[in-house]
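To start, the structure itself, in structure tokens.
No lab work stands behind these numbers, since they all come straight from the coordinates. These figures come from a predicted structure and were not determined experimentally. Counting neighbours? That spans all protein chains shown, and the Cβs are built from the backbone with ideal geometry, glycine included.
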Amino acid sequence: MKNAFYIASRYLISKKGSTAVTFITWLAAFAMVAAVAAMFIIISVFSGLEDINKEMIANLHADLTIKSGTGKTLPDISKINRVLKSDPEVLHFSKMIEEKVYLSYGDNGEIAYLRGVDSAYTSVNPISEKLFYGKYPDFKYSNEVIMENGLDNRLSLPVNSSEDFATVLMPKPGKGIIQQETDIFNKKDIYVTGLFPGNEQLDNYIIAPIELTQELLGLSKSECYQIVIKLKDPASADRVKMDLENKLGAKISVNTKSEENAAFWKMINTEKLMIYLIFGLVIFITTFNLAGAITILQLDKKEQARSLVALGFNKANLRMIYFFTGVLIVLAGIFCGLIIGSVICYLQIRTGLIMASESLAFPVKIELINYFIVTFTALFFGVTISILFSKVNKRYLSDH
């Protein structure tokens with residue numbers, strides 16, 4: 001085996017031999033380098049996108065969210081409050097109501113999400129620290145709100161203007177004959193005190209005192225839809241969830257942050273899987289260059305093979321030579337491809353050379369697991385092709 005490996009390495013680095021063989025061998029190596037580098041870069045980009053998505057949903061969901069298992073409104077709020085206050089794992093919690101509303105200002109209107117929160121909300125989600133204009137409501141008045149920047153721009157609504165108010169319309173629950181507009185909607189004028197940066201997860205959001213949503217929905221001051229919780233140790237979310245479910249009963253559901261975003265993460269993971277399969281297919285197709293290189297090498301090295309057979313080499317020994325030749329091409333391609341991919345990713349992280357938008361560079365994150373994924377994929381296809389195409393048939397031996 002040592003002799004077979006040595007001969008295979010000599011075949012690769014030797015300058016003697018057919019120009020066509022040399023060209024095809026280098027073509028196979030360069031194709032593997034390009035495929036490995038491309039796969040590593042794309043997977044690293046998806047790792048970066050995953051981190052950005054985590055930052056986006058950090059403003060959308062808390063460590064734990066308590067909801068009703070039977071309807072919208074939480075039952076037995078007083079019991080939930082007692083349990084949460086006595087739980088040493090709970091750092092802060094806040095009541096919340098979220099509903100779709102129609103927001104109107106002048107001739108402009110848009111569907112938005114109205115999130116009503118109490119004064120403890122910023123202890124669970126410090127969104128007040130992310131305001132880039134204006135101030136967070138002081139909760140003295142129920143109609144003071146902060147708004148997502150993109151929504152505010154589309155409505156052309158001034159901020160902190162005592163003369164400009166937008167109108168929130170909430171459909172009234174119930175049934176019966178509609179005789180006038182007031183039978184359809186509850187209305188409330190709102191005053192925008194500040195703006196927070198939007199993203200795909202917080203697009204079209206308005207954050208207001210919970211009293212505003214209670215008034216629009218006709219709820220009492222103690223009622224809410226959800227209670228969001230900040231834990232002392234977010235890593236213990238699953239354990240705390242099980243404990244709270246046991247204490248609060250079957251009518252209450254407790255969701256972790258990942259469960260609140262189950263559909264979103266399923267979409268992200270599906271995209272990652274599809275990208276992996278696509279680039280796995282690219283590497284698989286690339287290995288056909290390797291098959292060609294091994295086949296041409298066998299044809300070119302007939303004279304050397306005759307000499308090796310005369311020295312005592314058998315079919316298995318010859319096969320190992322061509323197998324090691326293919327494996328060495330694959331290893332060289334993986335090594336160089338990972339180096340090139342790592343350098344490109346590092347430059348993107350440091351310089352942000354390639355932009356996804358005017359203000360956002362393509363996110364990239366170099367992770368150790370990505371090296372293993374790419375290496376395993378390339379090795380699997382490369383070794384398989386090397387095994388299949390390194391076979392030496394009986395006619396080949398009989399000719400020698």
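Per-structure values
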{"quantity": "Part-to-part distance (alpha-carbon centres) for segment 36-111 and segment 235-249, which is given in Å", "calculated": "18 Å"}
{"quantity": "Taking W26, W265 and counting other C-beta atoms within 10 Å, the order from fewest to most", "calculated": "W26, W265"}
{"quantity": "Exposure proxy order (Cβ contacts within 10 Å, fewest to most) of C336, C224, C345", "calculated": "C336, C345, C224"}
{"quantity": "GluC sites (Glu not before Pro) within segment 88-163, DSSP loop, no more than 11 other Cβ atoms inside 10 Å", "calculated": "E163"}
{"quantity": "Estimated FRET transfer efficiency (S123, L347; beta-carbon r; R0 41 Å; 0.05)", "calculated": "0.50"}
{"quantity": "Exposure proxy order (Cβ contacts within 10 Å, fewest to most) of I339, I127, I283", "calculated": "I339, I127, I283"}
{"quantity": "Mean separation of Cα contacts under 8 Å, 6 or more apart, over the residue count of segment 64-256: relative contact order %", "calculated": "38 percent"}
{"quantity": "Net +/- balance of residues flanking P234 in space, Cβ distance below 11 Å, scoring K and R +1, D and E -1", "calculated": "-1"}
{"quantity": "Distant-in-sequence amide H partners of A361 (H built 1.01 Å from N, under 5 Å)", "calculated": "A356"}
